[in-house]
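The values are calculated or read from the model by the stated rules, or taken from the named source; none is laboratory data. Just so it is clear, the structure is predicted and the values come from calculations on it, not from any experiment. For neighbour counting, all protein chains shown are included, and Cβ atoms are generated from backbone atoms with ideal geometry for every residue, glycine included.
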Amino acid sequence: MSKAANHILQHEVDKRRTFAIISHPDAGKTTLTEKLLLFGGAIRLAGTVKARKASKHATSDWMEIEKQRGISVTSSVMQFDYLGHRVNILDTPGHQDFSEDTYRTLTAADSAVMLIDVAKGVEAQTIKLFQVCAKRGIPIFTFINKLDREGQSPFDLMEELENVLGIRSVPMNWPIGTGRDLCGVYDRMKNQVELFQGDDHSTIKVQKVDGYKDPIIREMAGEYLHDQLCQELELLDVAGDPFDMEKVQRGELTPIFFGSAINNFGVQTFLENFLELAPKPEPRSSTAGEIEPTNEKFSGYVFKIQANMNPAHRDRIAFLRIVSGKFERGMSVKHNRVGKEIKLSQPQQFLAQDRDIVEEAYAGDIIGLFDPGIFRIGDSLSQGSEVIFDELPTFSPEIFAKVTVKNALKHKQYQKGIDQLTEEGTIQVFNTVSFDETILGVVGQLQFEVFEYRMKGEYGVDVQLQRMPYQFARWIVDENLDPSKFRINSTLVKDKKGNYVVLFENEYAMRTAIDKNPTAKFLETAP
Ligand code: GDP
């Protein structure tokens, strides 16, 4: 690579920010995403995000099931430019469409924005997603939303973050008044206040001040709110954690921003601070060591496969996170699992629902590759020498169903369907040891519906699913396994590779089994 090309690569990598927004349904993720896209001038996209939510589907190439339910089955990627940055937002679906895809998408992000409803605090889905991010040790930025409503006090929320998620926090700004009295926020980093103007709070005034004690704030917010602000910030200065970039980078400290997405309040300063603090594309580890994004050889891995975005073509799209170098349309790369060179000629980028052809992309970007059935989740592609990235994490299924084929003659197609869908990584298949029944395990209920729908649509097989009462799966490693042991509120099954797995109906049954089998190991995922 020439010196000039190297310089361009470095510049392109430096300006990229790839992150996911994690939250519980209704916290305001769609609203916030829409506002962020608006700042990037991507108005058309903002509209699309809204339309998707409101189930007004204009385009025809989303899965039928998606249209029927007005939700997005699998995550998409949105890209925009802002103040010299190229921003990639990875959408992580929530609601009933929560699935392993949601988790895996997080591996493609370099940081996460955790969105929290000021009244509801830390909720169930936030906890799950947070834990996946925390395991990776990526920086997490917190946006406390709906500040225009009555909610918990900022101090209580900080305590909740620490108690429930185990993360310390450092407020980057602080509300002046709350709920109906909210008149603005004080930006602790930039020493400025942002105030609502007018009765409908439709405009926002930004004013530089000389610290939070500045009398200008008193004039603008009134004596009462200013006194309160001073007291709270004094307390924070003394007792709060100082801002420590290294701790933020290690995921040990989360910067908190307060705002209101719907009123576009605090969103712009959040975005600007976030882009400054959030990491640029990070290296990933592989068989060839750590691969730096500025490595001139292109490399990347598939973290998600989405089927049938265009039902007429029955194609699949493999989502690839570029780890290093530059992607150019038509380039040849090594498909390391199969040991072949392939040409990347039909790459797509996902801007909400539109598919644009990408000509070039850089480390940190996500591209969608047309997949005639050659990719699997976790596949590594590289230019030049072989690079195989670390395996993607698998997740323990939490919902189970017994599956039967209505027409026994369709068994072959059924098997093909099962094989392909497990390859895509959205369902896990188990067989009971005693009766050879098939049990499916998933992390989100919607996967069952998608499974039924695709079995019928793509393989012509009608299946029947019967929910089973299990809630936990544990891979068991035991020299002297006694299958008769797992009968009470549990069942012994085998996974596709023949590993023993016990499905438990409840935590108590699981704990008892663990206590009674001190020599056995119970693993959350396959060994
Ligand atoms: P999602 O499920 O996380 O994508 O949440 P949405 O963006 O759809 O928002 C859920 C609801 O909260 C919607 O009715 C929004 O209008 C509302 N909402 C979002 N942000 C705010 C906010 O800052 N203040 C108030 N009062 N409501 C908000």
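Tabulated data
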read-out	value
Filter result (of a type in the set (A, V, I, L, M) and exposed (fewer than 15 other Cβ atoms within 10 Å of the Cβ)) within the range 407-445	A408, L409
Subset of the range 239-261 [crowded, with 16+ Cβ neighbours inside 10 Å and more than 23 Å from F155 (Cβ to Cβ)]	Q249
Unmet requirement for T404, which otherwise passes all of (1) closer than 30 Å to M510 by Cβ; (2) surrounded by 15 or more Cβ atoms within 10 Å (Cβ to Cβ); (3) more than 25 Å from the chain's Cα centre (by Cα)	(2)
F298, sole failed condition from (1) at pLDDT below 95; (2) more than 30 Å from I439 (Cβ to Cβ)	(1)
Qualifying residue in the range 117-136 (condition: under 20 Å from T31 (Cβ atoms), β-branched (V, I, T) and assigned to a strand (DSSP E or B))	no
Condition met for H57 (at pLDDT 90 or above, away from the ligand (no atom under 16 Å from the Cβ) and not aromatic (F, W, Y))	no
Residues of the range 476-494 satisfying the condition of being surrounded by fewer than 18 Cβ atoms within 10 Å (Cβ to Cβ) and not basic (K, R)	V477, D478, E479, N480, L481, D482, P483, S484, I488, N489
All positions within the range 135-146 that are modelled with pLDDT under 95 and on the phi < 0 side of the Ramachandran plot	K135, R136
Count - residues of the range 10-21 that are in contact with a Gly (Cβ under 9 Å, 6 or more places away or on another chain) and within 16 Å of the ligand (Cβ to nearest atom)	0
Test: residue in the range 201-211 that is surrounded by 14 or more Cβ atoms within 10 Å (Cβ to Cβ) and more than 29 Å from M245 (Cβ to Cβ)	yes
Helices (runs of 4 or more DSSP H) fully within the range 153-259 counting 2 or more residues that are closer than 20 Å to F274 by Cα and assigned by the TED database to the domain that holds S111	154-160, 245-249
Test result for F258, within 16 Å of the ligand (Cβ to nearest atom) and closer than 22 Å to V185 by Cα	yes
The one condition in (1) part of a loop (DSSP other than H, G, I, E, B); (2) modelled with pLDDT under 50; (3) within 15 Å of the ligand (Cβ to nearest atom) that P25 fails to fulfil	(2)
Of all residues making up the range 122-167, the number that are closer than 26 Å to L229 by Cα, within 16 Å of the ligand (Cβ to nearest atom) and surrounded by fewer than 14 Cβ atoms within 10 Å (Cβ to Cβ)	1
Failed condition for S380, given (1) at pLDDT below 90; (2) more than 28 Å from E452 (Cα to Cα); (3) surrounded by 15 or more Cβ atoms within 10 Å (Cβ to Cβ)	(1)
Residue among K67, K120 that alone is out of contact with any Lys or Arg (no Cβ under 6 Å at 6 or more places or on another chain) and either at pLDDT below 90 or among the hydrophobic types (A, V, I, L, M, F, W, C) (or both)	K67
Strands (runs of 3 or more DSSP E) (entirely within the range 442-505) containing at least 1 residues that are under 14 Å from L421 (Cβ atoms)	463-468
Pairs where the first residue, in the range 127-150, is in contact (Cβ under 8 Å) with a residue 60 or more places away in the chain and closer than 14 Å to L253 by Cβ and the second is aliphatic (A, V, I, L, M) and within 15 Å of the ligand (Cβ to nearest atom), C-beta under 6 Å, 6+ apart	C133/A112; I140/A112; I140/M114; F141/V113; T142/M114
Residues of the range 28-44 satisfying the condition of being modelled with pLDDT of 90 or more and either part of a strand (DSSP E or B) or touching a helix residue (DSSP H, G or I) at 6+ places or on another chain (Cβ under 8 Å) (or both)	L32
Test: residue in the range 264-277 that is surrounded by fewer than 17 Cβ atoms within 10 Å (Cβ to Cβ), part of a strand (DSSP E or B) and not aliphatic (A, V, I, L, M)	no
